[in-house]
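Chemist: Before we start, here is the structure in question, set down as structure tokens.
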Amino acid sequence: MGRQRRLCQICKQKGQRRESVVYMKEHRLALCEEHFKEWFERRVRETIKEFKMFKPSERVLVAVSGGKDSQTLWFVLNKLGYDADGFFIDLGIGDYSEESKQKVLELGKILGKEPKIVKLEQELGAPLPVVQNLVMGSACSVCGRIKRYHFNKVARELGYRVVATGHNLDDEASSLLANVVNWNVKYLARKYPVLPEEKGFPRKVKPLVKLTEEQIRLYADLSGIPYTDRSCPMGDTANLHFYKGIMEQIENHARGTKYRFYFEYLKKIFPIFNSLKEELVKGELRRCTVCGEPSPSEVCFVCKLRERIKEKSPS
Ligand code: AMP
Ligand code: ZN
Ligand code: ZN
């Protein structure tokens with residue numbers, strides 16, 4: 001993307017001269033503010049239809065983190081007329097969680113919708129920094145599991161069959177790259193912009209997969225969407241940034257590769273891995289005997305955590 005002084009190509013077709021706010025090299029397209037917003041919204045709508053993510057009649061639960069991607073997703077789904085509600089998990093990571101929550105509440109006001117907020121401390125008995133000290137594994141992997149558990153649980157409790165997250169093209173292409181480099185076939189067998197409803201899980205959808213981080217930031221800024229740019233102070237994002245950097249280098253070398261890498265994977269390779277899913281993703285899911293959520297073990301990861309926190313805390 002660039003901001004050279006070019007004229008909007010759509011306005012030009014209509015015989016008008018309007019300066020562009022963006023030039024998207026990979027699409028060879030210069031657009032003014034109005035036509036960029038229109039292009040962006042159309043791309044989201046097309047993605048939802050192409051991957052059969054949800055129908056206009058279905059209620060969608062949007063997992064919002066307060067960051068630009070998920071905030072934009074919540075905003076744009078409402079703008080497109082979908083029945084989309086926001087859901088925020090307050091992880092209790094000091095100022096970071098507080099500021100994120102404020103942004104979610106601010107956007108809720110703009111949309112006229114009260115977001116659903118779940119406080120981890122209430123759910124588990126401790127905030128994430130305390131939980132982290134009790135378990136093995138990186139903060140991000142523990143946090144990811146806890147978040148996914150709550151997406152499922154809250155969706156089921158509130159009667160939503162669809163959960164949407166803000167993952168964008170940069171997220172998906174760089175994580176595909178990292179998983180290909182490491183031949184993480186289990187992951188590759190499940191990497192798709194829509195995961196069907198199954199075994200007690202709601203459908204999971206990623207309507208922003210055709211949009212880059214830069215395009216989303218521009219749309220958010222032009223539309224006055226509140227968001228925080230802070231990254232989580234507990235996260236070890238070095239690996240993620242490394243693969244994003246490599247992907248960007250490849251993209252700069254040959255425009256359009258990022259998109260092709262991801263979408264050609266979905267078309268040509270994903271079906272092969274997915275047909276082997278039963279073999280690759282072993283382990284039957286059953287119901288956790290404590291909370292009833294789907295789990296590979298008798299008692300699920302989150303219920304075990306809750307027990308451990310109870311044991312550790314002074315009574
Ligand atoms: P991340 O793994 O942090 O990049 O987040 C991926 C997606 O998960 C975001 O786009 C959001 O849709 C969702 N998400 C992340 N953090 C939260 C949170 N604290 N509460 C609700 N949803 C979240
Ligand atoms: Zn225009
Ligand atoms: Zn459980």
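The values are calculated or read from the model by the stated rules, or taken from the named source; none is laboratory data. Nothing here was measured: the structure is a model prediction, and the numbers come from that model. Reconstructed Cβ throughout: ideal geometry from the backbone, glycine too, with neighbour counts over all protein chains shown. Ligands, DNA and RNA are excluded from the accessible area calculation, which covers all protein heavy atoms including side chains. Shrake-Rupley method; radii C 1.70, N 1.55, O 1.52, S 1.80 Å.
Chemist: Looking at E172, E198, E213, which one is modelled with pLDDT of 95 or more and open to solvent by 40 Å² or more (accessible area, probe 1.4 Å)? Give the steps one after another, and end with the answer.
Modeler: Working: E172 fails: open to solvent by 40 Å² or more (accessible area, probe 1.4 Å); E198 fails: modelled with pLDDT of 95 or more.
Answer to the check: E213.
Chemist: For segment 281-303, which positions are surrounded by fewer than 16 Cβ atoms within 10 Å (Cβ to Cβ) and in a helix (DSSP H, G or I)?
Modeler: none
Conditions tested, residue by residue: (1) closer than 21 Å to Y192 by Cα; (2) within 16 Å of ligand 1 (Cβ to nearest atom); (3) of a type outside the set (F, W, Y); (4) without any contact (Cβ under 8 Å) to a residue 60 or more places away in the chain.
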{"residue": "L29", "(1), (2), (3), (4)": "no, no, yes, yes"}
{"residue": "H35", "(1), (2), (3), (4)": "no, no, yes, yes"}
{"residue": "T47", "(1), (2), (3), (4)": "yes, yes, yes, no"}
{"residue": "K103", "(1), (2), (3), (4)": "no, yes, yes, no"}
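Chemist: Something else about it: Looking only at segment 238-259, decide whether some residue is under 30 Å from K304 (Cα atoms), touching a Cys at 6+ places or on another chain (Cβ under 6 Å) and surrounded by fewer than 15 Cβ atoms within 10 Å (Cβ to Cβ).
Modeler: Step one: filter segment 238-259 for residues under 30 Å from K304 (Cα atoms), giving 238-240.
Keeping just the survivors that are touching a Cys at 6+ places or on another chain (Cβ under 6 Å) gives none.
No, because not a single residue in segment 238-259 is under 30 Å from K304 (Cα atoms), touching a Cys at 6+ places or on another chain (Cβ under 6 Å) and surrounded by fewer than 15 Cβ atoms within 10 Å (Cβ to Cβ).
Chemist: Quick one: what pairs do we get from segment 228-239, first residue assigned to a loop (DSSP other than H, G, I, E, B), second of a type in the set (D, E), C-beta under 7 Å, 6+ apart or different chains?
Modeler: That search, which allows pairs on different chains as well, returns T228/E99; R230/E99.
Chemist: If you don't mind, another one. Being assigned to a helix (DSSP H, G or I) and without any contact (Cβ under 8 Å) to a residue 40 or more places away in the chain narrows it down to one residue among I246, I272; which is it? Let's see the steps before the verdict.
Modeler: Details: I246 fails: without any contact (Cβ under 8 Å) to a residue 40 or more places away in the chain.
Exactly one residue qualifies, and that residue is I272.
Chemist: Looking only at segment 128-169, count every residue that is open to solvent by 50 Å² or more (accessible area, probe 1.4 Å), polar (S, T, N, Q) and under 22 Å from Y82 (Cα atoms) and tell me the total.
Modeler: 0
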